[in-house]
Amino acid sequence: MQSLCVFCGASAGHNPAFREAARAFGQTLAEHQIELVWGGGHVGLMGVVADATHAHRGKSYGVIPEFMAERELAHPFATEMVIVDSMHTRKAAMANRAHGFVALPGGLGTMDELFEIMTWAQLHIHRKPIGLLNVNGFFDPLLGLIRHMVDAGFVKQVHLDQLHVSDDPEKLIAAMRLHRPPEGDWLAKVSPQQS
């Protein structure tokens, strides 16, 4: 696994544990020589992850929309920074570069990115590992919601099982290295009445 795309908050959140976890994750990426792929920002947890990656001599690939770069939100020390025309282009560029995806605590943008990449996995658009760095149980309510979706028949258990969840960066990366995508194509089994 040569690169990981990190989704996380453009704010740091109220709990200092979020900032510390972002710092530890950036350091872990650098120590494992895994390139950080991220939204290119220097603010919030995004900035903390990037700062820690760079402080430990790791490589980074930032993708930032032009309107954000114009507001001077781009990280100044990225190994490589790509400026794109839109948020849609940004997400596609990050997904193409990454060998896997990890979400840290964040808000609506983080959830948007996470759910899109989970949906792409469900549709077999990609077969890369997806992880949650579950700092202080941040993602527990979300995991509960997805379990509810499974119980209600809207999500298959196999897709929930594909999420790698840990509060420890080392353990999370180790689990993601062992990732095996599910066999078969669930779309082939969906009739027009079920879709």
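Read-outs throughout are calculated quantities, based only on the coordinates presented, and are distinct from any laboratory measurement. From a predicted model like this one, the values you see are computed outputs, not experimental measurements. Virtual Cβ from ideal backbone geometry, glycine too; neighbours counted across all protein chains shown.
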**Asked** In degrees, nearest 10, range 0 to 90: what is the angle between the Cα axis of helix 108-122 and the longest Cα principal axis of the chain?
**Response** 50
**Asked** When the helices in the chain are scored as -39500 (n - 2.57) per DSSP H run of 4 or longer and the sum is shared across all residues, what 222 nm value do you end up with, to the nearest 500 deg cm²/dmol?
**Response** -13000 deg cm²/dmol
**Prompt:** Which aspartates and glutamates does LYS171 reach when only Cα atoms under 18 Å apart count, and residues fewer than 8 places away in its own chain are ignored?
**Reply:** GLU20, GLU31, GLU35, ASP140, ASP161
**Max mean-square fluctuation residue, GNM over the chain, Cα-Cα springs under 10 Å, options PHE18, PHE138, PHE101** = PHE138
**Fill in**
Note on the chain, DSSP bridge orientation, antiparallel percent to nearest 5 equals 5
**Request:** Take the alpha-carbon centre of segment 90-162, take the same for segment 1-54, and report the distance between them in whole Å.
**Result:** 17
**Prompt:** Any idea how far apart ASN96 and ALA174 come out in nm if each label point goes 7 Å out from Cα toward Cβ?
**Reply:** 3.5
**Prompt:** Between LEU145 and MET111, 0.36 nm times their residue separation minus their Cα-Cα distance comes to what?
**Reply:** 11.0 nm
**Item:** Estimated distance in nm for a label pair at LEU123 and ASN136, the labels positioned 7 Å out from Cα along Cα-to-Cβ
**Value:** 3.6
**Karplus (6.51, -1.76, 1.60) ³J(HN,Hα), θ = phi - 60°, over segment 170-179, in Hz, Gly and Pro reported as x** = 4, 5, 5, 5, 4, 5, 5, 5, 8, 4
**Asked** Put a dot 7 Å past each Cα toward the Cβ at ARG71 and PHE154; how far apart are the dots in nm?
**Response** 3.0
**Prompt:** What fraction, in whole percent, of alpha-carbon pairs in the chain exceed 26 Å separation?
**Reply:** 30
**Charge sum, other residues only, whose C-beta stays under 14 Å from GLY62's C-beta, Lys/Arg counted +1 and Asp/Glu -1** = -1
